[in-house]
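Everything below concerns the one structure shown next.
The values are calculated or read from the model by the stated rules, or taken from the named source; none is laboratory data. If you're wondering where the values come from, they're calculated on a predicted model, not measured in any experiment. Virtual Cβ from ideal backbone geometry, glycine too; neighbours counted across all protein chains shown. SASA here: full protein model, heavy atoms, side chains in, ligands and nucleic acids out. Shrake-Rupley method; radii C 1.70, N 1.55, O 1.52, S 1.80 Å.
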Amino acid sequence: MKIEEVKNLIEKDKATVTDLNSLNELRIKYLGKKGIISELNQEIRNVPSEEKKEFGQKVNEARTLFIDFYEQKKEEFETILLNEKLNKEAIDISLPATKIKNGSPNILEKLIEEVEQIMMSMGYDVVDGPEIEEDKFNFEMLNIPKGHPARDAQDTFYIEGEEILLRSQTSPVQVRTMLKGKGEIPIRVICPGKTYRRDDDDATHSHQFMQIEGLLVDKNISLSDLKGTIDIIVKKLFGENIETRFRPSYYQFTEPSVEVDISCFNCKRKGCNICKHTGWITIAGAGIVHPNVLKMSGYDPKIWSGFAFGFGAERMAMLKYDIEDCRVFYHTDLRESKVFDRKEAE
Ligand code: DAH
């Protein structure tokens with residue numbers, strides 16, 4: 001085929017292109033392995049040498065003619081495709097959005113966060129400890145040796161033999177914190193966390209419950225430091241006019257030990273159902289850290305002294321939010337949390 005004819009053919013073929021596919025077919029027709037222009041290129045070999053240059057230039061012209069057309073068309077078709085796609089995928093931003101339902105923090109979590117804020121404002125750190133605990137930390141190093149009757153009061157879930165258990169109190173975190181302090185630095189921590197006992201669940205008992213443990217170890221610490229600290233917590237949580245009283249008690253890891261009562265906010269000590277007509281409500285156990293406990297964890301009791309306390313988180317939340325059944329804390333019904341949210345806002 002003469003080169004001029006090829007050029008004419010290209011011009012004619014242009015009109016047949018309607019989309020990317022037909023354009024691609026045309027590309028194969030001219031530039032494919034056996035395409036018209038590719039074959040012209042092969043022919044150069046047979047052209048007498050004085051005509052080679054001119055022939056070559058002409059082939060190039062035909063080639064450029066086709067490629068210019070091809071690239072321009074390709075871009076055109078691709079733009080059309082892209083626009084079609086964009087139109088199809090258009091988002092209608094005038095449609096009203098689906099409402100996101102807000103959850104509510106668990107009421108226990110809320111109370112714990114409040115206590116954490118109060119304690120942090122007094123320089124306490126919030127620490128954590130394992131729920132699967134060793135007998136050594138849960139009992140022995142808290143001055144409760146094997147066979148001690150005090151163990152019976154904390155009906156414990158054992159996991160492996162007699163050594164690994166679900167902690168029955170957060171007090172083992174006291175030991176762990178002192179061991180980390182290596183008998184050298186003062187300590188100010190609280191540890192809120194889950195604890196477990198083999199209890200039958202009812203309105204005021206649960207096999208899983210939460211405690212908020214506190215420990216301070218420093219020099220010259222006395223019962224009045226403990227009283228002042230607890231007083232601040234109670235007033236911030238329950239109100240300025242709430243009083244605190246200590247009653248003598250007994251724990252193996254504190255000496256002396258006390259029960260912490262608060263004056264009944266409901267009846268102002270006149271006597272009602274909540275305080276069982278005593279005018280007072282018990283919210284914590286506490287005391288001065290026993291010298292044996294300090295010693296076992298590497299703190300010399302001749303130099304160091306401290307206080308500790310353990311609040312029952314459910315009990316405090318029940319009192320603060322007027323809840324009668326502790327089992328609601330472990331339901332996953334958001335409506336219950338919402339009720340407490342409303343109560344708080346009132
Ligand atoms: N661990 C005790 C319990 O579960 C509560 C308690 C009492 C914690 C006295 C203390 C404390 O830190 O000093 O019954």
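So which of R45, R63, R27 is loosely packed, with under 12 Cβ neighbours inside 10 Å and either touching a Ser or Thr at 6+ places or on another chain (Cβ under 7 Å) or part of a helix (DSSP H, G or I) (or both)?
Being loosely packed, with under 12 Cβ neighbours inside 10 Å and either touching a Ser or Thr at 6+ places or on another chain (Cβ under 7 Å) or part of a helix (DSSP H, G or I) (or both) holds for just one of R45, R63, R27, which is R45.
Is one or more of the residues making up the stretch 183-195 under 26 Å from M316 (Cβ atoms) and outside any strand (DSSP E or B)? Even if it seems obvious, please write down each step before you answer.
So the first thing to find is which residues in the stretch 183-195 are under 26 Å from M316 (Cβ atoms), and the list is 187-195.
If we keep only those that are outside any strand (DSSP E or B) too, we end up with none.
No: the stretch 183-195 contains no residue that is under 26 Å from M316 (Cβ atoms) and outside any strand (DSSP E or B).
Whether any residue in the stretch 248-262 is open to solvent by 10 Å² or more (accessible area, probe 1.4 Å), of a type outside the set (V, I, T), in contact with an Asp or Glu (Cβ under 7 Å, 6 or more places away or on another chain) and in the same structural domain as Y330 (by TED's automatic domain parsing) is what I want to check.
yes
Looking at this structure, is I212 more than 25 Å from the chain's Cα centre (by Cα), assigned by TED's automatic domain parsing to the domain that holds W304 and not small (G, A, S)? Write out each step before concluding.
Details: more than 25 Å from the chain's Cα centre (by Cα): no; assigned by TED's automatic domain parsing to the domain that holds W304: yes; not small (G, A, S): yes.
Taking the combined requirement at face value, the residue does not satisfy it.
Would a scan of the stretch 321-329 turn up a residue that is in contact (Cβ under 8 Å) with a residue 60 or more places away in the chain and touching a His at 6+ places or on another chain (Cβ under 9 Å)?
The answer is yes; a qualifying residue exists.
Just one of the numbered conditions (1) within 14 Å of the ligand (Cβ to nearest atom); (2) in contact (Cβ under 8 Å) with a residue 24 or more places away in the chain; (3) surrounded by 14 or more Cβ atoms within 10 Å (Cβ to Cβ) is not true of K227; which one?
(2)
Does at least one position in the stretch 91-103 carry a residue that is under 30 Å from V234 (Cβ atoms) and within 50 Å of the chain's Cα centre (by Cα)?
The first filter runs over the stretch 91-103 and keeps only residues under 30 Å from V234 (Cβ atoms), leaving 103.
With within 50 Å of the chain's Cα centre (by Cα) added as a condition, the list becomes 103.
Yes, the stretch 91-103 contains a residue that is under 30 Å from V234 (Cβ atoms) and within 50 Å of the chain's Cα centre (by Cα).
Residues of the stretch 119-168 being within 12 Å of the ligand (Cβ to nearest atom), touching a helix residue (DSSP H, G or I) at 6+ places or on another chain (Cβ under 7 Å), assigned to a loop (DSSP other than H, G, I, E, B) and open to solvent by less than 30 Å² (accessible area, probe 1.4 Å), which ones?
F139, I144, R167, S168
Name the residues in the stretch 268-303 that are open to solvent by less than 20 Å² (accessible area, probe 1.4 Å) and either touching a residue at least 40 places away in the same chain (Cβ under 8 Å) or not assigned by TED's automatic domain parsing to the domain that holds F253 (or both), would you?
I283, A284, A286, G287, V289, V293, L294, S297, Y299
What number of residues within the stretch 169-190 satisfy the criterion of being surrounded by 23 or more Cβ atoms within 10 Å (Cβ to Cβ) and not β-branched (V, I, T)?
5
Are any residues in the stretch 299-320 within 17 Å of V258 (Cβ to Cβ) and not hydrophobic (A, V, I, L, M, F, W, C), and if so, which ones?
S305, G306, G310, G312, R315, listed by residue number.
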